[in-house]
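The values are calculated or read from the model by the stated rules, or taken from the named source; none is laboratory data. Just so you know, these numbers come straight off a predicted model, no measurement behind them. Every residue, glycine among them, receives a Cβ derived from its backbone with ideal geometry; neighbour counts consider all protein chains shown.
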């Protein structure tokens, strides 16, 4: 069945969620973070969550929209959805004790060669103040699934910044065979292609694969260490395209380049052991 164009503008509203230290500590631990800002809850100013933790709040809404009858998809077609890109703006850090609500809206549907492109905007706000905490634009592609009409766009997402690069550096990141399993539980993001080999093979994959958001988060970890003194509260935006698979038990390489003329802008990509990109067109914005 095709994706229904009438789903453009479809919304999902989340329930208020209390952020706990257990949640943020687990997420920081699965990324092998080391900065005390994430772990020492005896600090006078408390701890913060690593910025990419926001995906744990967005995932339940992504599932609601993916499974909504308004899209007109079969169970098999829903599982054909792949995460193609993530562009996120961090308005302020997430902290234990926050009471947050995440809502979502499908803001773009387009017919493309691989299938149907769907862009979802997620907005997380503080339930007490009403102020924005995180805003994300997430692109998914329903592979092999047509769109029943011309599609459309309700708003433009965040455009990745561009600038010429300088001072390129590289960092290797080893992916333990157990990381997809521990990331699934600590991030509370479950899709069996990341943990169950039989399902991954039946889906045409060579093995279980690491979550794209985990690769995105690991890149963020190294960028913050290299360009923000380890202080994740200085990360203001992070984006990139998921362009390949990361297999557990391999080593990926992060390439970082400081922009020449834009302060605080770092371009990056991540490549697999064969040199092929698994995360491309990446950009991180860091405040002074």
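Some notes on this structure:
- Of all residues in region 143-168 being surrounded by 14 or more Cβ atoms within 10 Å (Cβ to Cβ) and not in a loop (DSSP other than H, G, I, E, B), the one that is modelled with the highest pLDDT: 147
- Any hit, region 153-173, residues being in contact with a helix residue (DSSP H, G or I) (Cβ under 8 Å, 6 or more places away or on another chain) and either assigned by TED's automatic domain parsing to the domain that holds residue 33 or more than 24 Å from residue 284 (Cα to Cα) (or both): no
- Scope region 196-244; condition surrounded by fewer than 17 Cβ atoms within 10 Å (Cβ to Cβ) and either assigned to a loop (DSSP other than H, G, I, E, B) or not assigned by TED's automatic domain parsing to the domain that holds residue 276 (or both); matching residues: 196, 203, 204, 205, 206, 207, 229, 230, 231
- The residue of region 180-189 that is nearest to the chain's Cα centre (by Cα), among those that are assigned to a helix (DSSP H, G or I) and surrounded by 18 or more Cβ atoms within 10 Å (Cβ to Cβ), is 187.
- Residue check for residue 177: in a loop (DSSP other than H, G, I, E, B), at pLDDT 95 or above and out of contact with any helix residue (DSSP H, G or I) (no Cβ under 9 Å at 6 or more places or on another chain): yes
- Applying the criterion of at least 3 residues that are outside the structural domain of residue 237 (by TED's automatic domain parsing) and surrounded by fewer than 18 Cβ atoms within 10 Å (Cβ to Cβ) to the helices (runs of 4 or more DSSP H) found wholly in region 1-116 leaves 21-30, 54-66, 75-78.
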